[in-house]
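Here the structure comes first, spelled out in structure tokens, and everything after it is commentary.
The values are calculated or read from the model by the stated rules, or taken from the named source; none is laboratory data. Since the structure is predicted, the reported quantities are computational estimates derived from the model, not experimental observations. Note that we place each Cβ from the backbone using ideal geometry, even for glycine, and neighbour counts take in every protein chain shown. These area figures cover heavy atoms from the full protein model, side chains too; ligands, DNA and RNA do not enter into them. Shrake-Rupley method; radii C 1.70, N 1.55, O 1.52, S 1.80 Å.
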Amino acid sequence: MKDESLPQQVLWDLEPYGWISAGNTVCCALSGGADSVCLLRCLLELRQTLGIQVSAVHVNHQIRGAESDGDEQFCRELCRALGVPLAVYTFDVPKLAQERKQSLELAARDCRYRAFEQELERASWIATAHTASDNLETMLHRLVRGCSLHGLTAIPPRNGRGIRPLLQVTREQAEAYLAQLGQSYVTDSTNASDLYTRNRIRHQIVPVLKQLNPSIEQTVSRELRALRRDDALLTARAEALYRSCHISKNVLLRTGGIQTESDWMRCLAMLLQEHGVPCCGELLERLLTLAKNGSGRRSLNDHLYAEADEDCLRLVYLPPHHSESKAPVPLHLGRNRLYAGYSLDAMLLSVKNFGGIENVHKKFANNCFDYDKIKGSTCLCPRKYGDRMQRAGRTFTSSLKKLIQECVPSERRSTLHTIADDEGTIYAEYIGIAERVRPDETTRRLLVVRVIPETGSDA
């Protein structure tokens, strides 16, 4: 692609889709960076040919302080010089991210979408400046993290009323076009940092790929278009099968014509999505095995599990559990009670009574603590969202939620007992004790706990 024909090439790429009609207003998402400035200049160059009106929108996320304000000022001056109507939206993204417990990236994206929705009340389309370089980086990022075929297709040329006219243009070509015009742009200082995975891909992996294939972006763009066509065909096929096999809200029949593993994986993903269950390749493969075996069950979350028999795979919701008390209670020696139907016994014992620490580990496994390592007071509590624990014998911490999903039967998660001291969780039923209270050769006193159901047998 020749840099001087960049607007014409963008026109050729847009024409087969037939999205833009004469009289439309196309609003350019303008960050001030090279790609978005290139997009704005291309749209202005094509304005008469397409018979469109061009506007712009800038979102100041207030993430980079004075630099963010400088980007906004640049966009205002650029649009004033080019005669382009500009709408500016300002969001305190760091504050919103903290309030919503989101990452900065996710909170910023939500704010941009809010701004775009407002502009679509006046504009026909929002045009974003994703390039072939972005598409390559996105594909590599998803490949590294793991994704489906659909995820591997990376950035689509259209998403609702959002279009990406530069998806066949590389970042290098966009910058060369601006240099030819003598057009300045701003540079986000965070783009130079390798703290972010995408930046490491851009700075370290893509250059190596370009040594193997100097036209790697164009090559991958063609491959992604082919993958997108195949994905659309497979998705349409799976949707038809899903409609024929999905006979009720919770049931997906095995015998309804689903023959291939590809169809099964897509239909299972649709079933999970319908029930708001996040799906990943590992979970889908386990459910596929469950469906093929025609028997068994698999926990999906605290309230839902999948069950298979000879005829179908179904999702089953657990009834809500009404506990006697969900507030933490002080842990006492002797019998403690948190939930109806269960009690927790706590005993203080001497290591001397067992003839050495090795006998303690054999007898009590993961339900005894070094009493003198406990910090402050202890309480018996229900599961605590957001808490983390370093399990005995491990060198890293894990979220309690993840450990519960891995270790605790679904029917017991709503009545799970945990014990905490002043520094956090030191015990979780089925999971065991924290590393920091694990008995060792220096231990003299042990706190031993047992959860006992009403039947009297150990849990």
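Whenever a residue of the range 324-337 is at negative phi, its partners that are at pLDDT 90 or above and of a type in the set (Ser, Thr, Tyr), lying with C-beta atoms within less than 8 angstrom and at least six residues away or across chains, give the pairs 330/378; 331/378.
Please verify whether the range 332-347 includes one or more residues that are open to solvent by 90 Å² or more (accessible area, probe 1.4 Å), modelled with pLDDT under 80 and not in a strand (DSSP E or B). No; the residues of the range 332-347 include none that is open to solvent by 90 Å² or more (accessible area, probe 1.4 Å), modelled with pLDDT under 80 and not in a strand (DSSP E or B). Of 134, 194, all but one fail to be modelled with pLDDT of 95 or more and either open to solvent by 20 Å² or more (accessible area, probe 1.4 Å) or β-branched (Val, Ile, Thr) (or both); the exception is 134. Tell me which residues, restricted to the range 226-251, are touching a residue at least 40 places away in the same chain (Cβ under 8 Å) and in a helix (DSSP H, G or I). Answer for the range 226-251, where residues must be touching a residue at least 40 places away in the same chain (Cβ under 8 Å) and in a helix (DSSP H, G or I): 227, 228, 230, 231, 234, 235.
Scanning the range 177-191 for residues that are in a helix (DSSP H, G or I) and surrounded by fewer than 18 Cβ atoms within 10 Å (Cβ to Cβ) yields 179, 180, 181, 189, 190, 191. Taken over the range 12-42, the criterion of being open to solvent by 40 Å² or more (accessible area, probe 1.4 Å), farther than 25 Å from residue 185 by Cα and out of contact with any Pro (no Cβ under 8 Å at 6 or more places or on another chain) is satisfied by 12, 15, 16, 18, 19, 21, 22, 23.
Entry remark, the range 113-149: residues being touching an Asp or Glu at 6+ places or on another chain (Cβ under 6 Å) and under 13 Å from residue 167 (Cβ atoms) number 5 in total. Note on the range 161-174: among residues that are under 25 Å from residue 116 (Cα atoms) and not in a loop (DSSP other than H, G, I, E, B), the one that is most open to solvent (accessible area, probe 1.4 Å) is 171. Among the residues of the range 206-219, at least one is over 17 Å from residue 172 (Cα atoms) and surrounded by fewer than 12 Cβ atoms within 10 Å (Cβ to Cβ). Among the candidates 112, 228, 122, 158, the residue that is more than 21 Å from the chain's Cα centre (by Cα) and surrounded by 16 or more Cβ atoms within 10 Å (Cβ to Cβ) is uniquely 228. Given the condition open to solvent by 30 Å² or more (accessible area, probe 1.4 Å), in contact with a Ser or Thr (Cβ under 9 Å, 6 or more places away or on another chain) and basic (Lys, Arg), answer yes or no: does some residue in the range 44-63 qualify? No - not one qualifying residue is present in the range 44-63.
I'd like to check something: does the range 236-243 contain any residue that is surrounded by fewer than 17 Cβ atoms within 10 Å (Cβ to Cβ), modelled with pLDDT of 95 or more and touching a helix residue (DSSP H, G or I) at 6+ places or on another chain (Cβ under 8 Å)? No, because not a single residue in the range 236-243 is surrounded by fewer than 17 Cβ atoms within 10 Å (Cβ to Cβ), modelled with pLDDT of 95 or more and touching a helix residue (DSSP H, G or I) at 6+ places or on another chain (Cβ under 8 Å).
Condition check ((1) in contact with an Asp or Glu (Cβ under 7 Å, 6 or more places away or on another chain); (2) outside any loop (DSSP other than H, G, I, E, B)) across all residues:
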site	(1), (2)
6	no, yes
9	no, yes
16	no, yes
21	no, no
27	yes, yes
31	yes, no
40	no, yes
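Listed by first and then second residue, the pairs linking a residue in the range 184-200 that is farther than 16 Å from residue 135 by Cα to a residue that is of a type in the set (Ser, Thr, Tyr) and assigned to a loop (DSSP other than H, G, I, E, B), with Cβ atoms under 9 Å apart and 6 or more places separating them unless they lie on different chains, are 186/31; 188/31; 190/196. For residue 78, the stated conditions hold: it is in contact with a Phe, Trp or Tyr (Cβ under 9 Å, 6 or more places away or on another chain) and under 28 Å from residue 8 (Cβ atoms).
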